[in-house]
Amino acid sequence: MSAGPKALTERGFGALVLAFAIAAPWLVSSYWLDAILIQTLIFGIAAASLIFLSAYGGMISLAQTALVGIAAYLLGNMVTARVPGGETKGLTLGWDPTVGLVLAVVVTTVIGLLFGALAARSLGIYFLMLTLTCGVIANLFFGSVTQFGGFSPIAGVNRYTPGFIGDMVNDRTRLYFIALIVAVAVYLLIRFVLRTPFGLVLQGIRDEPVRMSSLGYNVALHRTLAFGLAAFIAAVAGILLVWWQGQVAPGDLGLPATIQLLVMAVIGGLRRVEGAWLGAFMVIVIDNQVTNNIPSSGLPVIGGSFNTIVGAIFLAIVVVSPDGLLGIWERVWATVRGNRGGKVAMARGSSL
Amino acid sequence: MSRIRQQWKLLVLLATAAVATVAVSASIAATPPGVKLAIMSDCKGAFAFGYELDIGGAQAALAKYAGGKAKNPNKPSAGMTGITIGGTKVDIVGYGCGDDTAPTALKEVRRLMEQLDADVMVGPLSGDEAVVVANYAKDHPDKTFIIGTAGSQDPTMQIAPPNLFRYHGDGAQWNAGIGEIAYRKLGWRKAAIIMDDYSFGWTSAGGIIADFCAVGGQITKRVFPPLNTTDYAPYVRQLPAPGGVDGYFWVVGGTGTGASLTAFEQAYGPLDPKQHIGNLFFAFLGADKVVAPKVVGSYVGGAGTGPGLQTAQAKAYEAALNAVYPKLPANDLFVYNYYNAAWALVQGLTASKGEIGAALQKGMPKTLKTGYSVSNGGMIKLDSRRQAMTDQYQLQLVKNADGSVGPVVVAYVPGVDQSFGGLFKPSSPPPGRTQPACKKVKTPWQGKIREVKNGKITNAVIK
């Protein structure tokens, strides 16, 4: 089946973005590469796990940030060592970094399956609250149980990486390409899963859970498995995050971080997985620019909080386009093509 | 014809690109050489009120010793111009906006040091942020970091990168002497301690425990409410009842100080000032309105500053500070510590002749004449891990003539080092829930703490 003009345009645009991403280390400053683009890729992966559940499973999860943090904490506790000048927080087990990497991803995925099993039978606001509860428990656990780190950060985690990963402290271009490869792999994985029988059933459950159940599909099991896959993706983001930051602290899985990830997904567009990276990029750039420019601009900061300004910008985007930035694209396309059924086209696109 | 037009377009494009390249190169070439300085503080979170205090403290020193001109004497963050050290121009390229959490601290340090390309940073404000900065410094040896105000021990004890300097005491040092005062002046032998469950809480409590146990006191119970606890009743109930111990040490900060004392009142009745000693949270950081009036007469652990100290050096410092920023409280720990950090930087850059990196780090002063220093010729001294050995002042809350409640200096503790006479070591675990253990040891200042009366250090030793 040949692709339509919209799909062709999107693929062309996607190829351009990918080409820019590959060339970025030679095009942008080292700060932009490190602080903006790597961060975009990592939070984009985390937001993709949220959008995957939302767009294709009908579940808006507030536990994804916690899963990112759990993976980071597990890795930090397992690989750091208590040596002179070394880390002092957490278990400091000093295990082999490869073993730590695999275990952190596997254990986080298992925890994600448990979260999913708990929440899979609920819907809407109840699902939201259950996943939020899981996230808050994780935050309080790592913030309060000092053996696992406590309030202070576990730092220096990026000094303990497997040999095949290389130096994550000094070679930030290498980290960028690793994050880029993982981001592309996650994108392709989600696209692939959606075309499998499991993915099709998941989308059926999203649209008609009762009908799918009456057809004999185990709705709760499919939702739990989807949550497990999303947890795996979040775990990968967590590993990259702790390599990028070098540290992990309770703030990485706190409520503000949870809301920030949700905002990224909403800004990008909750209906398509591509929105994850677009939303992450927008949020990170806006946050960076506001922090850089507002204090020196002499503008009065409403309520003394930078977050107020950042929030106002987000509000404006959401008011203009409730479907996020990708929603604007859908509308523009519909207008150009004289197609008034933009939402229909979008819903169709979302099932791909 | 169309081919010619295309060639013209290409030519115009190339010419534009060339002009733009030359313009950008010219603008880069026109950038004056100098040192790029960043000041890191908190503008969000629990310590957001420290933003202007920190910036003001640092900039006042730059005004006094490096010719800086404040843009607005009532708002330090408005900026400062004209800073020159030994002929080298110093530009303040940015102010860091932390929120007392590690992730934001890291984000802000990166923004300042990488995006704004600062060579030197003065800051941060709090303990966990300093742990972040110390780890960042380890990975960026060409940049220089001078901690603004931070009480955690790890940055200069366990992590201690060679490009990180701290010209004030850590949270444990600030409390040197307060345990001995409890033991000798109040007659405490057994005490309980309640401490915030994070690095500053542990470090601050570590100083109290080490000092109290060093003279023979016993800590019979340690309680750890998580940071940002709102209901302290369960934690206060874990403390022994007033008959079970001689007194209580409080290391609970932020809104928790007042809330935890109220919970104690509700559980065990009115507070007896002779039974309660607090760390700096009883006297500083907004304590004067709610907390201090509850415990007038209590002794309070210090923060390295000497409120009301009547020495020529203290008066000179206070005058210099207020000449630049008249509304800043000179004896505030944020103001004072950032002032000293910036002054040390001025001396370092003078010694390095404006060079940054390793030359600056080599040139950073090993001693520093600071406002409230008395021993060692009025100088603080850096140890081998670039951590200050410095005098400390212990305080008491008193009612002023106008009815307000505030701290006055009652004890002078000379030359306090970070190791507490060898109790804390780089190889030993940093302060935690069970660290340090309660041990009777000989601290260098034991038996040498002198009474301070009406702001004057007397020869009378506290017995």
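The values are calculated or read from the model by the stated rules, or taken from the named source; none is laboratory data. Keep in mind that this is a model prediction, so the values were computed, not measured. Here the Cβ is made from the backbone with ideal geometry for all residues, glycine too, and neighbour counts use every protein chain on show.
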task: Can you give me the number of residues within the stretch B:48-69 that are away from chain A (no Cβ under 12 Å) and farther than 16 Å from B:TRP343 by Cα?
output: 1
Candidate set from the stretch B:166-209 (those that are of a type in the set (A, V, I, L, M), in a helix (DSSP H, G or I) and over 15 Å from the mean Cα position of the chain (by Cα)); member that is farthest from B:TRP250 (Cα to Cα): B:ILE181
- line: Reported set for the stretch B:152-165 where residues are outside any loop (DSSP other than H, G, I, E, B), of a type in the set (S, T, N, Q) and under 18 Å from B:LYS381 (Cα atoms) is B:THR156
Tally, over the stretch A:69-116, of residues that are modelled with pLDDT of 95 or more, of a type in the set (D, E, K, R) and crowded, with 24+ Cβ neighbours inside 10 Å: 0
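Is it the case that B:ALA137 is buried (at least 24 other Cβ atoms within 10 Å of the Cβ), in contact with a strand residue (DSSP E or B) (Cβ under 6 Å, 6 or more places away or on another chain), over 19 Å from B:GLY57 (Cβ atoms) and within 12 Å of another protein chain (Cβ to nearest Cβ)? Full working, then the answer.
Details: buried (at least 24 other Cβ atoms within 10 Å of the Cβ): yes; in contact with a strand residue (DSSP E or B) (Cβ under 6 Å, 6 or more places away or on another chain): yes; over 19 Å from B:GLY57 (Cβ atoms): yes; within 12 Å of another protein chain (Cβ to nearest Cβ): yes.
Answer is yes for this residue.
Report those helices (runs of 4 or more DSSP H) wholly inside the stretch A:39-125 carrying at least 1 residues which are within 14 Å of chain B (Cβ to nearest Cβ), under 18 Å from the mean Cα position of the chain (by Cα) and in contact (Cβ under 8 Å) with a residue 40 or more places away in the chain. Break it down stepwise before answering.
On the way: elements: A:39-51, A:64-79, A:97-119.
Answer list for the stretch A:39-125: A:39-51, A:64-79.
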Filter result for B:VAL90 (within 14 Å of chain A (Cβ to nearest Cβ) and hydrophobic (A, V, I, L, M, F, W, C)): no
- request: Kindly provide the set of residues from the stretch B:350-362 that are surrounded by fewer than 17 Cβ atoms within 10 Å (Cβ to Cβ) and within 14 Å of B:PRO162 (Cβ to Cβ), ordered by number.
  value: B:GLY357, B:ALA358, B:ALA359, B:LYS362
- request: Please state which one of B:VAL109, B:VAL132 is modelled with pLDDT of 90 or more, more than 10 Å from chain A (Cβ to nearest Cβ), in a helix (DSSP H, G or I) and surrounded by 24 or more Cβ atoms within 10 Å (Cβ to Cβ).
  value: B:VAL109
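Could you pull out the residue among B:LYS381, B:LYS362, B:LYS456 that is farther than 29 Å from B:ASP197 by Cα and in contact with a strand residue (DSSP E or B) (Cβ under 7 Å, 6 or more places away or on another chain)? Reasoning before the result, please.
Working: B:LYS362 fails: in contact with a strand residue (DSSP E or B) (Cβ under 7 Å, 6 or more places away or on another chain); B:LYS456 fails: in contact with a strand residue (DSSP E or B) (Cβ under 7 Å, 6 or more places away or on another chain).
B:LYS381 is the lone residue from the list that is farther than 29 Å from B:ASP197 by Cα and in contact with a strand residue (DSSP E or B) (Cβ under 7 Å, 6 or more places away or on another chain).
Scan the stretch A:288-309 and give yes if some residue there is within 24 Å of the chain's Cα centre (by Cα), closer than 23 Å to A:LYS6 by Cα and either modelled with pLDDT of 85 or more or of a type in the set (A, V, I, L, M) (or both), otherwise no. First the steps, then the outcome.
If we filter the stretch A:288-309 for residues that are within 24 Å of the chain's Cα centre (by Cα), which is where we start, we get A:288-291, A:306-309.
Among the residues that remain, those that are also closer than 23 Å to A:LYS6 by Cα are: none.
No; the residues of the stretch A:288-309 include none that is within 24 Å of the chain's Cα centre (by Cα), closer than 23 Å to A:LYS6 by Cα and either modelled with pLDDT of 85 or more or of a type in the set (A, V, I, L, M) (or both).
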- request: Within the stretch A:143-156, identify whether any single residue is touching a residue at least 24 places away in the same chain (Cβ under 8 Å), aliphatic (A, V, I, L, M) and either assigned to a helix (DSSP H, G or I) or away from chain B (no Cβ under 14 Å) (or both), and answer yes or no.
  value: no
field: Exclusive hit being away from chain A (no Cβ under 14 Å) and either more than 23 Å from the chain's Cα centre (by Cα) or crowded, with 23+ Cβ neighbours inside 10 Å (or both), set B:MET121, B:MET157
entry: B:MET121
statement: Among residues of the stretch B:379-402 being touching a Lys or Arg at 6+ places or on another chain (Cβ under 9 Å) and β-branched (Val, Ile, Thr), the residue surrounded by the most Cβ atoms within 10 Å (Cβ to Cβ) is B:THR390
- line: Across (1) within 12 Å of chain B (Cβ to nearest Cβ); (2) under 18 Å from A:LEU326 (Cβ atoms), A:TRP32 clears everything bar (2)
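Residue-wise test of (1) assigned to a strand (DSSP E or B); (2) within 14 Å of chain A (Cβ to nearest Cβ); (3) in contact with a Leu (Cβ under 8 Å, 6 or more places away or on another chain); (4) among the hydroxyl-bearing types (Ser, Thr, Tyr).
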{"site": "B:TYR372", "(1), (2), (3), (4)": "no, no, yes, yes"}
{"site": "B:ASN376", "(1), (2), (3), (4)": "no, no, no, no"}
{"site": "B:GLN392", "(1), (2), (3), (4)": "yes, no, no, no"}
{"site": "B:LEU395", "(1), (2), (3), (4)": "yes, no, no, no"}
{"site": "B:GLY403", "(1), (2), (3), (4)": "no, no, no, no"}
{"site": "B:VAL408", "(1), (2), (3), (4)": "yes, no, yes, no"}
{"site": "B:SER428", "(1), (2), (3), (4)": "no, yes, no, yes"}
{"site": "B:TRP445", "(1), (2), (3), (4)": "no, no, no, no"}
{"site": "B:LYS463", "(1), (2), (3), (4)": "no, no, no, no"}
field: Single unsatisfied condition, A:GLY254 versus (1) on the phi > 0 side of the Ramachandran plot; (2) touching a helix residue (DSSP H, G or I) at 6+ places or on another chain (Cβ under 6 Å); (3) of a type in the set (Gly, Ala, Ser)
entry: (1)
- request: Could you please find all residues in the stretch A:260-276 being over 11 Å from A:LEU326 (Cα atoms), surrounded by fewer than 24 Cβ atoms within 10 Å (Cβ to Cβ) and more than 14 Å from every other protein chain (Cβ to nearest Cβ)?
  value: A:LEU262, A:VAL263
